[in-house]
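A.B. asks: Below you will find the structure I want to go over with you.
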Amino acid sequence: MARVVCVHGVGKQQLGEQTLLSQWAPALHDGMRRAGSQARLVDSDVEMGFYGDLFLPPGQRLAGDDPHYEWWDVSAGAETDLLLRWWEHAAAAEPQVVAPGARNLLAGVGPLVQSALLALSASRFFAGLAEKALIFNLKQVIRYLAESELRAAARDRVRQMVHEDTRVVVAHSLGSLVAYEALCSLPDHGVRSFVTLGSPLGIPNLIFDRIHPAPEQGVGRWPGKPSSTTWTNIADARDVVALVKDLRPRFGPDVVCHLVPNGSHVHDAVHYLTKKETGVAIADALR
């Protein structure tokens, strides 16, 4: 039974549990060491709540190619809205990204979605990410929210890994939404520390207002018992996915929020895991 359950983010559909753990486990230990902890976790202490394969097109194996998306495959509504929010945030954080209001600089490139993708191609955040991969990741977020069977299957993957010995759940990106909903559905769990990294949970309308269980009077449910489960949220100020860095207005004043510098890879899970702030939240729960 794992003491630490990890939950990955978007774009991991071609990987698997052990591949991700080979990256996450050393980084997790580094974060704990930065926090001053001398504890060492053995392999059986850490497991990965893997749900990426649920996003593969039917009939493909993990080695298959992702769909080749073009700009016109971005649907109107939630997908376009989220893409434009990413564009706005990237332009505010990175001066080389053309701002949405500077339409004259993007004259002749076509519809707004195409303009957004062109502008984001200059972002360090999206460096090395092909346009089709960016669109695929965008669609994963919206699919999770819109497809009830997929959502339940991903949430159940995490639920099944949380046992009486589990003390920490650390989740990255979209995984923070999956893990949050899984913990809320397990009211008697013994998790002492919920750690979210680069989380989109606080984005109004697109994410926060569509979580399960639904927020009451503008406040989301605490993912456990407030007396026994702490929640630490960690984000880089330039992280486009974590559009809302401070979760306290949405989930209550007890969320411990930190801003950390992740260098040029602002949304990278490994960079988040190696931080002292992450290590403290994990080590304290295991002590």
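The values are calculated or read from the model by the stated rules, or taken from the named source; none is laboratory data. Because the structure is a prediction, the values reported are computed rather than measured. Methodologically, a virtual Cβ is constructed for each residue, glycine included, from the backbone with ideal geometry; neighbour enumeration extends over all protein chains shown.
A.B. asks: Would you confirm, using the coordinates I've provided, whether residue 28 is within 21 Å of residue 277 (Cβ to Cβ), part of a helix (DSSP H, G or I) and hydrophobic (A, V, I, L, M, F, W, C)? It would help to see each step written out before you state the result.
C.D. replies: On the way: within 21 Å of residue 277 (Cβ to Cβ): yes; part of a helix (DSSP H, G or I): yes; hydrophobic (A, V, I, L, M, F, W, C): yes.
For residue 28, the condition - within 21 Å of residue 277 (Cβ to Cβ), part of a helix (DSSP H, G or I) and hydrophobic (A, V, I, L, M, F, W, C) - is met.
A.B. asks: Name the residue, out of 286, 197, that is within 18 Å of the chain's Cα centre (by Cα) and aliphatic (A, V, I, L, M). Step through it out loud before you land on a result.
C.D. replies: Values: 286 fails: within 18 Å of the chain's Cα centre (by Cα).
Residue meeting the stated conditions: 197.
A.B. asks: When you scan the range 271-287, how many residues do you find that are among the hydroxyl-bearing types (Ser, Thr, Tyr) and part of a helix (DSSP H, G or I)? Break it down into steps so the answer makes sense when it comes.
C.D. replies: The first filter runs over the range 271-287 and keeps only residues among the hydroxyl-bearing types (Ser, Thr, Tyr), leaving 272, 274, 278.
Adding the requirement that they be part of a helix (DSSP H, G or I) leaves 272, 278.
Residues that pass the stated criteria total 2.
A.B. asks: Given the options 20, 106, 82, 62, name the one that is hydrophobic (A, V, I, L, M, F, W, C), in contact with a helix residue (DSSP H, G or I) (Cβ under 9 Å, 6 or more places away or on another chain) and at pLDDT 80 or above.
C.D. replies: Working: 106 fails: at pLDDT 80 or above; 82 fails: at pLDDT 80 or above; 62 fails: at pLDDT 80 or above.
Sole residue among the options that is hydrophobic (A, V, I, L, M, F, W, C), in contact with a helix residue (DSSP H, G or I) (Cβ under 9 Å, 6 or more places away or on another chain) and at pLDDT 80 or above: 20.
A.B. asks: Are any residues in the range 248-259 without any contact (Cβ under 8 Å) to a residue 40 or more places away in the chain and crowded, with 20+ Cβ neighbours inside 10 Å, and if so, which ones?
C.D. replies: 255
A.B. asks: Still on this model: Counting only residues that are surrounded by fewer than 14 Cβ atoms within 10 Å (Cβ to Cβ) and hydrophobic (A, V, I, L, M, F, W, C), how many does the range 191-242 have?
C.D. replies: Residues in the range 191-242 being surrounded by fewer than 14 Cβ atoms within 10 Å (Cβ to Cβ) and hydrophobic (A, V, I, L, M, F, W, C): 3 in total.
A.B. asks: Considering only residues that are surrounded by 24 or more Cβ atoms within 10 Å (Cβ to Cβ) and β-branched (Val, Ile, Thr), which ones fall in the range 149-177? Please lay out each step first, then the result.
C.D. replies: Residues of the range 149-177 surrounded by 24 or more Cβ atoms within 10 Å (Cβ to Cβ): 154, 158, 168-177.
Across the range 149-177, the qualifying residues are 158, 168, 169, 170.
A.B. asks: Among 252, 224, 263, which is among the small types (Gly, Ala, Ser), within 26 Å of residue 147 (Cα to Cα) and over 17 Å from the mean Cα position of the chain (by Cα)?
C.D. replies: Numbers: 252 fails: within 26 Å of residue 147 (Cα to Cα); 263 fails: within 26 Å of residue 147 (Cα to Cα).
Of 252, 224, 263, the one residue that is among the small types (Gly, Ala, Ser), within 26 Å of residue 147 (Cα to Cα) and over 17 Å from the mean Cα position of the chain (by Cα) is 224.
A.B. asks: Looking at the range 187-203, I want the residues that are farther than 20 Å from residue 285 by Cα and have a partner that is of a type in the set (Lys, Arg) and modelled with pLDDT under 95 with Cβ atoms under 8 Å, at least 6 apart or on another chain. Which pairs are those?
C.D. replies: Correct list of pairs: 202/245; 203/85.
A.B. asks: Report the residue count in the range 31-52 for those that are free of Cβ contacts under 8 Å to residues at least 60 places away in the same chain and not in a loop (DSSP other than H, G, I, E, B).
C.D. replies: 6
A.B. asks: Might you let me know whether the range 5-27 holds any residue that is under 24 Å from residue 242 (Cα atoms) and of a type in the set (Ser, Thr, Tyr)?
C.D. replies: Checked the range 5-27: no residue is under 24 Å from residue 242 (Cα atoms) and of a type in the set (Ser, Thr, Tyr).
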